[in-house]
Amino acid sequence: MSLRGDYNLAASDFSVEQDWAAYSAEEHALFRRLFERQSKLVPLYACPEWIGAVAGLDVGSGIPKFDQVSARLRAATGWEIVAVPGLIPDEAFFTHLANRRFPVTVWLRKPAEFDYIVEPDVFHDFFGHVPLLFDPVYADHLHEYGKGGLKAMRLDAVKMLARLYWYTIEFGLMKTAAGMRAYGAGLISSGGELAYCVTDPTPKRLDFNLEKALRMDYQIDRYQTTYFAIDSFAQLMRETAPDFTPIYAKLRALPALEP
Ligand code: PHE
Ligand code: CO
């Protein structure tokens with residue numbers, strides 16, 4: 001896969017300087033337009049934890065300064081943002097998460113990609129992922145996921161664990177008092193799928209099932225056909241807490257599931 005970012009200046013942990021001064025006025029304006037579109041949707045379709053966190057984040061005026069947000073995150077849950085050129089290798093990614101550092105891509109999509117982009121950019125990473133890092137239970141869960149990722153590498157089980165990430169962190173739904181809501185970052189940052197995942201009658205919305213999520217393949221270039229819905233981040237934390245070693249051993253022998 002060819003990656004879009006500039007990896008030449010990256011450190012050995014794949015971090016870079018954000019170089020906020022280098023963003024153009026057009027890029028800040030595009031970020032604002034993306035923000036404004038999503039801001040109309042999230043009150044209806046995002047989970048309350050996300051909505052509560054973003055209210056305290058001043059991100060409507062353009063591409064945020066990661067350092068400023070990191071200072072607030074550190075105070076809230078001990079997480080920080082680390083700027084990266086784009087997608088990074090598994091081991092670097094898991095190591096950052098295992099140290100409560102969330103990698104955020106520095107570049108912004110082009111105007112032609114307003115509605116649709118396959119690779120994560122700064123809008124997806126920041127708007128979709130960062131607000132939930134202010135939630136203490138979610139924050140601890142993602143930390144555990146990072147440690148679990150390093151373990152999955154040793155057990156040759158990254159593919160299974162990546163499916164779980166897809167169906168929770170990226171495309172997870174939550175059953176709330178207000179009805180079905182999204183907490184997955186791929187949904188929250190999406191102009192089309194955020195309403196679709198909650199309201200469209202077509203996709204399946206299954207109760208969260210760890211083994212099913214670990215086994216289910218996924219497609220990255222279309223709306224999901226199956227979502228998994230959790231009751232709460234506490235439930236997600238509880239169900240992913242067991243040692244996956246015997247689960248990986250058992251599931252490895254079984255066929256993958258179609259979404
Ligand atoms: N409990 C998992 C393991 O033992 C790690 C993990 C935690 C995975 C949280 C996902 C989410 O491998
Ligand atoms: Co993402």
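The values are calculated or read from the model by the stated rules, or taken from the named source; none is laboratory data. The shown structure was predicted, so the numbers you read here are calculated from the model rather than taken from an experiment. For neighbour counting, all protein chains shown are included, and Cβ atoms are generated from backbone atoms with ideal geometry for every residue, glycine included. To get the accessible areas, we keep the full protein, side chains included, count just its heavy atoms, and leave off ligands, DNA and RNA. Shrake-Rupley method; radii C 1.70, N 1.55, O 1.52, S 1.80 Å.
Quick notes
- Scanning segment 103-119 for residues that are within 14 Å of ligand 2 (Cβ to nearest atom) and at pLDDT 95 or above turns up Pro103, Val104, Thr105, Arg109.
- Once segment 87-146 is narrowed to residues that are within 16 Å of ligand 1 (Cβ to nearest atom) and hydroxyl-bearing (Ser, Thr, Tyr), the residue that is surrounded by the most Cβ atoms within 10 Å (Cβ to Cβ) is Tyr138.
- Taking the criterion of being open to solvent by 20 Å² or more (accessible area, probe 1.4 Å), at pLDDT below 95 and part of a loop (DSSP other than H, G, I, E, B), the residues of segment 53-86 that qualify are Gly56, Asp58, Gly60, Ser61.
- Count of residues meeting criterion [under 28 Å from Glu119 (Cβ atoms) and assigned to a helix (DSSP H, G or I)] in segment 224-247: 3
- Taking segment 148-164 as the range and being without any contact (Cβ under 8 Å) to a residue 60 or more places away in the chain and either buried (at least 20 other Cβ atoms within 10 Å of the Cβ) or farther than 16 Å from Ile247 by Cβ (or both) as the test, the residues that pass are Gly149, Leu150, Arg163.
- Restricted to segment 138-194, and to residues there that are β-branched (Val, Ile, Thr) and within 13 Å of ligand 2 (Cβ to nearest atom), the residue that is farthest from Ala92 (Cα to Cα) is Ile188.
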